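The values are calculated or read from the model by the stated rules, or taken from the named source; none is laboratory data. No experiment lies behind these values; they were computed from the predicted model shown. Cβ sites come from the backbone with ideal geometry, for glycine too, and all protein chains shown count toward neighbours.
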Amino acid sequence: MPALRDKTIAIVGGGTMGSAIALGLVRTGSLEPQRVLVADPCQDRRDHLASEGIQVFDAASSMGATSPDVVIIAVKPQVLPDVVKKASDLLGGRLVISIAAGVKLQALESLMPTSRIIRAMPNLPIWAVSGATAVCAGSAVTREDVGLASALFGCLGCTLVMREDQLDAEGAVVSCGPAYIALFADLLVRAGVEHGLPAAGCREMVLSTMRGVAGQLLESGEHPRAYMERVTSPGGTTAAGLRAMEPSLMLAVEEGIDAALARTAELGQAKGE
């Protein structure tokens with residue numbers, strides 16, 4: 001996998017995800033701050049990023065002379081065509097990574113016919129350098145391009161290369177996943193409060209437990225079901241709780257993923273895709 005340290009990364013859009021990518025690359029030491037460029041019209045965002053040593057610009061069109069190795073487009077799908085048109089000098093002939101949800105490779109390659117296009121779908125925990133990103137290569141992309149994109153997002157968590165027809169399911173499960181997990185944490189805390197626990201203390205203990213479980217599972221590679229069995233004593237309290245929860249939780253998860261996929265399809269049709 002190619003090293004990042006000698007690369008220059010330009011990010012068009014300094015909102016939630018664009019800023020997370022820029023700050024993550026710098027704070028992990030993956031890139032020197034001067035090798036990360038961000039264009040955004042918001043002065044406050046630019047000031048915040050500049051305080052970390054990141055080069056900032058008020059518009060993508062101002063970045064044309066910087067000759068970045070990779071350009072990440074981190075803007076909303078509805079403004080992407082206009083942004084691409086105005087930044088043609090920056091994008092032409094380069095590796096371009098789009099994180100715009102729902103904009104297919106065919107549409108992106110039509111907008112940027114001289115660029116090598118990759119779609120990436122990171123999720124919000126990249127802010128904590130513990131995110132998950134799906135990467136999907138366009139028709140003109142090289143193996144080195146895919147390796148570079150994987151290395152870039154690998155600095156912010158885990159990365160998986162997949163086909164475009166898998167991205168909708170990845171979005172419904174992984175991109176939406178942080179909200180599902182936050183919902184479960186909130187429900188556990190609410191249940192604890194209803195049974196007499198202090199809200200702030202219960203929340204801290206639940207979140208610390210969730211972090212610990214994720215860390216153990218990632219480090220050990222253990223299957224979640226095997227982990228559950230280690231926690232559960234025969235005939236014990238955990239067994240009783242799981243027996244009551246699992247059927248309803250499984251149904252709720254399946255219905256939630258199906259609803260997210262249905263909405264994804266609706267949004268795609270609305271864009272004429």
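Quick look at the numbers
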quantity	calculated
Identity of the residue in the stretch 56-86, in contact (Cβ under 8 Å) with a residue 24 or more places away in the chain and among the polar types (S, T, N, Q), that ends up nearest to A149 (Cα to Cα)	S67
One residue from A87, A151, A100, A134 being aliphatic (A, V, I, L, M) and out of contact with any helix residue (DSSP H, G or I) (no Cβ under 8 Å at 6 or more places or on another chain)	A151
Selection status of E52, of a type in the set (D, E), in contact (Cβ under 8 Å) with a residue 24 or more places away in the chain and either over 23 Å from G147 (Cβ atoms) or buried (at least 20 other Cβ atoms within 10 Å of the Cβ) (or both)	yes
Within the stretch 171-273, helices (runs of 4 or more DSSP H) holding 1 or more residues that are touching an Asp or Glu at 6+ places or on another chain (Cβ under 9 Å)	199-220, 224-231, 237-270
The stretch 112-124: number of residues that are in contact (Cβ under 8 Å) with a residue 12 or more places away in the chain and either surrounded by fewer than 19 Cβ atoms within 10 Å (Cβ to Cβ) or in a strand (DSSP E or B) (or both)	9
Tally, over the stretch 87-110, of residues that are basic (K, R) and more than 16 Å from P68 (Cβ to Cβ)	1
Any hit, the stretch 63-78, residues being buried (at least 22 other Cβ atoms within 10 Å of the Cβ), more than 16 Å from the chain's Cα centre (by Cα), assigned to a strand (DSSP E or B) and in the same structural domain as E109 (by TED's automatic domain parsing)	yes
Single residue of the stretch 165-204 satisfying the filter (free of Cβ contacts under 8 Å to residues at least 60 places away in the same chain and within 17 Å of G102 (Cβ to Cβ)) that is surrounded by the fewest Cβ atoms within 10 Å (Cβ to Cβ)	D165
Within the stretch 130-153, considering residues that are of a type in the set (G, A, S) and assigned to a helix (DSSP H, G or I), the one farthest from the chain's Cα centre (by Cα)	G147
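Conditions tested, residue by residue: (1) of a type outside the set (K, R); (2) at pLDDT below 95; (3) in contact with a Lys or Arg (Cβ under 7 Å, 6 or more places away or on another chain).
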position: M1; (1), (2), (3): yes, yes, no
position: A22; (1), (2), (3): yes, no, no
position: R45; (1), (2), (3): no, no, no
position: A74; (1), (2), (3): yes, no, no
position: L90; (1), (2), (3): yes, yes, no
